[in-house]
Amino acid sequence: MPVIRFDDVTKIYPGQTRPALDDVSLEIEKGEFVFLVGTSGSGKSTFLKLVLREEKTSDGRIHVLGKDLSRLSQWKIPVLRRQVGTVFQDFRLLPNKTVAENVAFALEVIGRPEHQIAKVVPEVLELVGLAGKEDRRPDELSGGEQQRIAIARALINKPAIVFADEPTGNLDSHNAQSIHELFSKLRTELQQTFVIVTHNEHLAKSTDRVIKMQDGLIIA
Ligand code: ADP
């Protein structure tokens with residue numbers, strides 16, 4: 001069963017005539033590592049917003065982890081979002097919290113017990129290469145390290161799908177390279193499905209599947 005399935009999905013934003021997504025059909029299978037590429041305005045963010053149910057389709061059907069999003073009741077949306085870990089270009093960290101607290105926070109808000117948090121936070125920080133930096137604050141770290149915190153936070157709930165929206169967009173080439181190496185490592189060590197949005201086609205070459213978008217269409 002695919003983890004994400006789009007059947008003839010069209011999205012037209014209110015007041016617009018041109019669709020942001022135009023009759024898109026695709027399947028992403030469990031464990032796949034996919035790059036979503038395309039120039040600005042091609043529909044990449046719209047794809048992500050539809051999967052997270054931040055936006056609704058104008059036409060067509062979306063299944064995420066077997067659930068038809070058009071039939072998903074309002075109270076189940078947070079449950080859906082918990083199964084999709086998301087990493088953003090601008091990190092979205094809490095500046096007054098330490099590295100460990102930033103990651104722990106994702107578990108606290110969903111009411112996980114203290115002893116569980118104390119166990120899994122060091123594990124995930126080790127996984128992303130931040131062992132030893134638990135007590136630092138984000139502004140004491142490099143951009144690449146800050147993005148590692150965000151990746152740890154996205155992984156901490158063991159989501160079925162990890163989405164990264166231009167994760168290296170704010171990084172210099174050295175840090176961008178190290179983040180891509182981290183994703184490659186995670187790919188071999190974890191069972192999750194990764195969808196990485198980028199307009200850096202060079203980085204996207206290092207994978208087996210690239211979905212290329214243009215003007216709301218999948219062109220390759
Ligand atoms: P990308 O992420 O590839 O840059 P987007 O999905 O953000 O592309 O945008 C696709 C198209 O939809 C663009 O033409 C954009 O202007 C339009 N669009 C995106 N969000 C909105 C919105 N909230 N209201 C109206 N138009 C939008």
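Values in this text are rule-based calculations from the coordinates and carry no lab data. Quick caveat: nothing in here was measured; it's all calculated off a predicted structure. Cβ atoms come from the backbone with ideal geometry, glycine included; neighbour counts cover every protein chain shown.
Structure notes:
- In whole angstrom, the stretch 27-149 maps to an equivalent ellipsoid with semi-axes of 30, 19, 13, each derived as √(5λ) from the alpha carbon gyration tensor and ordered largest first.
- Each part reduced to its alpha carbon centroid, the stretch 72-138 and the stretch 1-28 end up 30 Å apart.
- Using a simple spin-label model with pseudo-atoms 7 Å out from Cα toward Cβ, Thr17 and Arg61 lie 3.2 nm apart.
- For Thr188, the shell of other residues with beta-carbons less than 13 Å away shows a net charge of -1, using +1 for Lys and Arg and -1 for Asp and Glu.
- GNM flexibility winner over the chain from Lys185, Lys119, Lys30 (Cα, springs under 10 Å): Lys119
- Rg/Rh ratio calculated on Cα atoms of the stretch 53-113 (Kirkwood radius): 1.07
- Our coupling estimate for the stretch 46-57, obtained by passing each phi through the Karplus curve with A = 6.51, B = -1.76, C = 1.60 and θ = phi - 60°, is 4, 4, 4, 5, 5, 5, 7, 6, 7, 10, 9, 6 Hz, Gly and Pro reported as x.
- Ellipticity estimate at 222 nm from DSSP helix runs (n ≥ 4, -39,500 (n - 2.57)) divided over the chain, nearest 500: -9500 deg cm²/dmol
- Subtracting the Cα-Cα distance of Lys49 and Glu126 from their residue separation scaled by 0.36 nm leaves 24.7 nm.
- Calculated over the stretch 91-220: convex hull of Cα atoms, volume per residue (Å³): 125 Å³
- With eigenvalues of the C-alpha gyration tensor scaled by 5 and rooted, the chain, Å: 29, 20, 15
- Measuring max minus min along each principal axis, the C-alpha atoms of the stretch 143-220 give extents of 33, 29, 20 Å (largest first).
- Vicinal HN-Hα couplings computed from phi for the stretch 38-44 (Karplus, 6.51 cos²θ - 1.76 cosθ + 1.60; Hz; Gly/Pro x): x, 5, 4, x, 7, x, 5
- Counting charges near Gln83 (Lys, Arg +1; Asp, Glu -1) among other residues having Cβ under 10 Å from its Cβ returns a value of +4.
- Percentage relative contact order, the chain, counting C-alpha pairs under 8 Å, at least six apart: 31 percent
- Close amide H pairs (under 5 Å, H built 1.01 Å from N) link Val128 with no residue at least 5 positions away or on another chain.
- Relative contact order for the stretch 99-185, counting Cα pairs under 8 Å that sit 6 or more residues apart, in percent: 33 percent
- Just so you know, the Rg over Rh for the stretch 156-195 is 0.99, from Cα atoms, with Rh as the Kirkwood radius.
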